[in-house]
1. Modelled label-to-label distance, Ser252 and Arg189, 7 Å Cα→beta-carbon offset: nm?
2. With charges only on Cβ, +1 for K and R and -1 for D and E, what is the dipole size of segment 213-274 about its Cα centre, in debye, rounded to 20?
3. About its Cα centre, how strong a charge dipole does the chain have in debye, to the nearest 20, once Lys and Arg get +1 and Asp and Glu get -1 at the Cβ?
4. Hey, if you put +1 on the Cβ of every Lys and Arg and -1 on every Asp and Glu Cβ in segment 173-446, which of Met241, Ile313, Leu183 ends up farthest toward the positive end of that dipole?
5. Give me the Kirkwood hydrodynamic radius of segment 191-287, using the inverse of the mean 1/r over all pairs of distinct Cα atoms, in Å to one decimal.
6. Students often get this wrong: which residues of segment 278-317 have the backbone nitrogen under 19 Å from the point 7 angstrom along Cα-to-C-beta of Arg384?
7. Which one of Ala441, Thr216, Gly66 is farthest out on the positive end of the charge dipole of the chain, using unit charges on Cβ (Lys, Arg +1; Asp, Glu -1) and the Cα centre as origin?
8. Tell me, what is a quarter of the convex hull surface for the C-alpha atoms of the chain, in nm² with one decimal?
Amino acid sequence: MGLARILSRNHQRAEAIACLERAVGCEPRNAVIHVLLGRMLTQDGRLEEAKGQFEIALDLDDQADGAAVGLGGVYEDLGERGAAAEVYRRLVQARPFHAEGLAGLLGVAEGDVLEAAFSIARDGLRAAPDADAALIGYALGKALAGLGRHDEAFAAWSAANAARRRAAGPFDRDGLDARIDRLVEIFSRDFFAARRGWGDPSERPVFIVGLPRSGTTLTEQILAGHPAVHGAGELDLLTDMATGTPDRLGRSDPSWPETALELEARHVAAIASDHLGRLDRMASGTASRVIDKQPLNFWHLGLVALAVPNARIINCIRDIRDCGLSIFSENFTPEQRWATDLGDIASYWRGYTRLMDHWRSATDLRILDVRYEDLVANLEGQSRRLLDFLGLNWEPSVLRFHEQDRAVQTPSRWQVRRPLYNSSSGRWRAYERHIGPLIAAAPNDHG
């Protein structure tokens, strides 16, 4: 179990799962092992297997920490809203201020059950420790927003972000700028010119990047409706490859991106082979395009240009006022400190924009910008444009993205299971008096 935790932190999920499967063989009646295995299987997209592990844990111990929340989350990922609500309802009934259970219930409950959850959540938001208050506040705000109670919703999100900031610490804007400066310095046009022809010429990889909440899930869901496309979800592959470069050099330092300067053609060939091999294991041989929609992969496009230079990059763009508001209202991991403050969100957006501009000028990567607002206004036209970019023939099934029977493990899981709607465009206007930093950041051409 200890080794599995270490391997998981090192993004070696397959090895971690193998350790936990051995642990289950040693102690099959240990609920903690089943919960850990369920979590890692969930992260790996093996949802039916994860569901089974959580159910075993609850059979062994109906109070097993994390089992009910894990099971509810799997039901959400599978689109089974009613089943998820019942799991969360039972958990909150037994433990009213269980933050994860209450947050889950607020996200899927309706009617009288939701109103009862509101009352519990308000008490919890005032009395809970910061880490729990953040979870409760994000979920409370989202539920209130869904009922059109905008000022109450923003107050809940503000409380949630203040609690998260106290728990996780402030964001370092200077550190963000320095990180981008170093990437721009290392990955220059001359850097790539000196390494032309390195890597693998495969056109199979597709990366969907952008800020979170910019339409990446919707874009992947549309494309995954094509028979030649496999949507693999949000992968850690590029982060694994980048952070693993010191190992390839046989040293513990320096770290990425400094290691890029020392990689030789053989190292890059091995990175490309490992990456493509993992895609092969995820997707069937009939999929000529495999999508990784980890939005923050925009940090790693220098590695993409080295290892798989013929990959296609879809850059999702959305009005920063809507995108930033959606980020502010979402429960991201504590490591995403920039997401807890409107000014920091605007700063991070400017950094992302600057870095994407650099990748366009310094690399030969094929990058297609897709505006969320254009996508929801003209689904077929933009879908044709996307398929043309991927070199694929038109397939009408992509327009029925909401009917796909596939797991979605992002905050957009419920939106992409409904026919396309454009109510999220211009949503910021209901919160205009609260979001000054995002309004100030918006380009003038947004109006």
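Please treat every number below as a calculation from the coordinates, not as lab data. Values in this document were obtained by computation on a predicted structure and should not be read as measured data. Don't worry about glycine lacking a Cβ; one is built from the backbone with ideal geometry, like all the others, and counts go over all protein chains shown.
1. According to this spin-label approximation, the distance is 4.1 nm.
2. Working: 4 positive and 10 negative charges, 33 e Å.
Roughly 160 debye for segment 213-274.
3. In debye, rounded to 20, the chain gives about 520.
4. Positive-end residue among those listed: Ile313.
5. Evaluated on segment 191-287, it is 15.3 Å.
6. In segment 278-317, the label zone of Arg384 (backbone N under 19 Å from the point 7 Å along Cα→Cβ) covers no residue.
7. Going by the Cα projections, it comes out as Ala441.
8. On the way: hull surface 85.4 nm².
Projected over every direction and averaged, the Cα hull of the chain covers 21.4 nm².
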